[in-house]
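Accompanying notes for the structure given below.
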Amino acid sequence: MRRLEQIAPFLAERDADVVINTAAYTAVDLAETERDAAFQLNAEAPGAVAQFCHMKGALLIHISTDYVFGGAGTGPYDEDAPVSPLSVYGSSKAAGEVRALSAAADATVARTSWLMSPDAGFLAAILRRAAHGEPLRVVRDQRGNPTLASDLARTLVQVTRDRLRGIGQAGVLHMAGGAEASWFDLAKFAIEAAGLSTDVSPALSIDYVLPAQRPEDSRLSTLRLRQNHGIDMLPWPNWVPDTARIGLRLAASRVETGQQSGS
């Protein structure tokens, strides 16, 4: 939804007691040249959603990102650590956090990281390449918390229920996978779990010239999530094998479909 004035009527029609705002501009590199669009969707829109929720008395759960941190090897970060984004995307999401909490003091800002599923995100991308027989060079000097999308969804539901019952607190809350990794660690483990012999070699961030700078270390501390809600989100070694096998089947199916259609 790009027109800010449409947000309140859209939400009013649904008469919701809880709003979980997952809308975002997530094209990290493109945001460097589309700053206005990124800030409108990632900063101004959450502010408008929060204003409506405050007026309506609805609980807002707003999704944010680990990219609000610059991460020069100083993680894991807790919720109170100062933000220091390196990119337009990170800056726009950090601004969205401020606007959401300024307009709706009772809101929860849920920071997550390295979100993926069998058909979307990093694992799906490398498995598509592996299914095409491509060798992989993967960055090893960036670290974070790989997070399974369905696990995040379950966590959001539980935290929302808790907040409605008066459990937990407003403000920032980290919701991320329970173990850290580098992109290289994750790729190598996933390829082996999928039963592939694809060559996976390590690379450095400096080897790739991208418009947006990525955090070197964006690990998130999830201690508050455990203390306030009793939730330990899944560590990636627990879910990557099944996710990789499902992702490989999906990738192989796409390859076969493409071959049959001549593309």
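In the range 221-247, the residues that are over 10 Å from G178 (Cα atoms) form no Cβ pair under 6 Å with any partner that is modelled with pLDDT under 95 and of a type in the set (F, W, Y), whether six or more places apart or across chains. Kindly indicate whether L156 is under 23 Å from A81 (Cβ atoms), among the hydrophobic types (A, V, I, L, M, F, W, C) and either assigned to a helix (DSSP H, G or I) or in contact with a Leu (Cβ under 6 Å, 6 or more places away or on another chain) (or both). Yes; evaluated as a whole, the condition is true for this residue. Restricting attention to the range 80-110, and to residues there that are touching a helix residue (DSSP H, G or I) at 6+ places or on another chain (Cβ under 6 Å) and among the charged types (D, E, K, R), which single residue is nearest to V18 (Cα to Cα)? Ranking the candidates gives R99 first. The single condition from (1) outside any loop (DSSP other than H, G, I, E, B); (2) over 20 Å from Y67 (Cα atoms) that Q169 fails is (1). State which residue is farthest from V159 (Cα to Cα) when the search covers only the range 6-30 and only residues that are aliphatic (A, V, I, L, M) and in contact with a Gly (Cβ under 9 Å, 6 or more places away or on another chain). Selected residue: V28. Checking each residue in the range 161-195 for being among the aromatic types (F, W, Y) and under 18 Å from P215 (Cα atoms) picks out W183, F184.
Taking the numbered list (1) crowded, with 20+ Cβ neighbours inside 10 Å; (2) at pLDDT below 95; (3) out of contact with any helix residue (DSSP H, G or I) (no Cβ under 8 Å at 6 or more places or on another chain) in turn, A131 passes all entries but (3).
Residue count for the range 137-153 under the criterion of being of a type in the set (A, V, I, L, M, F, W, C), assigned to a strand (DSSP E or B) and either under 11 Å from the mean Cα position of the chain (by Cα) or crowded, with 22+ Cβ neighbours inside 10 Å (or both): the result is 1.
Among the residues making up the range 186-211, those that are touching a residue at least 60 places away in the same chain (Cβ under 8 Å) and part of a loop (DSSP other than H, G, I, E, B) are A194, L196, T198, D199, L204, Y208, L210, P211. Looking only at residues in the range 177-194 that are in contact with a helix residue (DSSP H, G or I) (Cβ under 8 Å, 6 or more places away or on another chain) and over 12 Å from N145 (Cα atoms), the one that is surrounded by the most Cβ atoms within 10 Å (Cβ to Cβ) is A187. For the range 157-172, filtered to residues that are aliphatic (A, V, I, L, M) and either touching a Ser or Thr at 6+ places or on another chain (Cβ under 9 Å) or modelled with pLDDT under 95 (or both), the residue that is farthest from V18 (Cα to Cα) is V172. Where helices (runs of 4 or more DSSP H) sit wholly within the range 1-93, those with at least 3 residues that are without any contact (Cβ under 8 Å) to a residue 60 or more places away in the chain and buried (at least 20 other Cβ atoms within 10 Å of the Cβ) occupy 45-56.
Counting only residues that are within 23 Å of the chain's Cα centre (by Cα) and polar (S, T, N, Q), the range 175-219 holds 4 of them. Just one of the listed residues (R226, R214) is assigned to a loop (DSSP other than H, G, I, E, B) and among the basic types (K, R), namely R214. One residue stands out in the range 230-246 among those that are in a helix (DSSP H, G or I) and touching a strand residue (DSSP E or B) at 6+ places or on another chain (Cβ under 8 Å): the one that is nearest to E79 (Cα to Cα), namely W236.
The values are calculated or read from the model by the stated rules, or taken from the named source; none is laboratory data. Please read all numbers here as calculations on a predicted model, not as lab measurements. All Cβ positions, even for glycine, are placed from backbone atoms using ideal geometry, and neighbour counts span all protein chains on display.
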